[in-house]
């Protein structure tokens, strides 16, 4: 497993070492000791989530204002464009984002620590998305920032309008959102 730095130092692309032959492949998708070496953090993942979505479904940008969650995310079927936005007001990269294509083919993962809003859009016909979280889901603390906030200027690589949830349609722009210090 290796870590690939991104434009925002706290966000890491994690790439597993894949062992493959004509029978298929094997790789270690998570190793707590190695993850701590790569990220500099010994995290305790408490919840795994799995979603399936069709092409052009956009989920996000989500975060929890209390009980913030670090997330280790990956696509196990299909492909997504994954987005993490720094919403820590004291951060030098506040308001900036990183976009990474995650797919079953490239087997990459993205480590998103607490203090970031997260979302993804499905690029393939369908995608199954897995993520580990460092805290439990608390719906009363969940918040959403609008995916199309002009201040964020995120290029979602969309050819058509995305399919979003009613909750995400009610998201706030960054300037009006509850943020981390």
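Taken together, the values in this text are just the output of simple stated rules run on the coordinates, not laboratory data. What you see is a predicted model, and the numbers here were worked out from it, not measured in a lab. Counting neighbours? That spans all protein chains shown, and the Cβs are built from the backbone with ideal geometry, glycine included.
Any idea how far apart residue 21 and residue 89 come out in nm if each label point goes 7 Å out from Cα toward Cβ?
About 5.8 nm, to one decimal.
Assuming 0.36 nm per residue, please report the length gained on full extension of the stretch residue 50 to residue 30 beyond their Cα-Cα distance.
Gain on extension, residue 50 to residue 30, equals 5.6 nm.
On full extension of the chain, what length is gained from residue 138 through residue 178, given 0.36 nm per residue of separation minus the C-alpha to C-alpha distance?
Contour length minus Cα-Cα distance gives 12.8 nm.
Please check: in the Gaussian network model of the chain (C-alpha springs, under 10 Å), which one of 100, 76, 46 has the largest mean-square fluctuation.
46
Taking 0.36 nm per residue of separation and subtracting the Cα-Cα distance, what length does fully extending residue 67 through residue 124 add?
17.3 nm
Mind giving me the nanometre distance, one decimal, between the label points for residue 4 and residue 151, set 7 Å out from Cα along Cα→Cβ?
Label at residue 4, label at residue 151, 3.1 nm between them.
With only alpha-carbon atoms in the gyration tensor, what are the semi-axes of the equivalent ellipsoid for the range 1-156, in Å, largest first?
So the three semi-axes of the range 1-156 are 24, 19, 15 Å.
Can you give the FRET efficiency for residue 105 and residue 170, using 1/(1 + (r/R0)^6), R0 = 41 Å, r = Cβ-Cβ distance, to the nearest 0.05?
The computed FRET efficiency comes out at 0.75.
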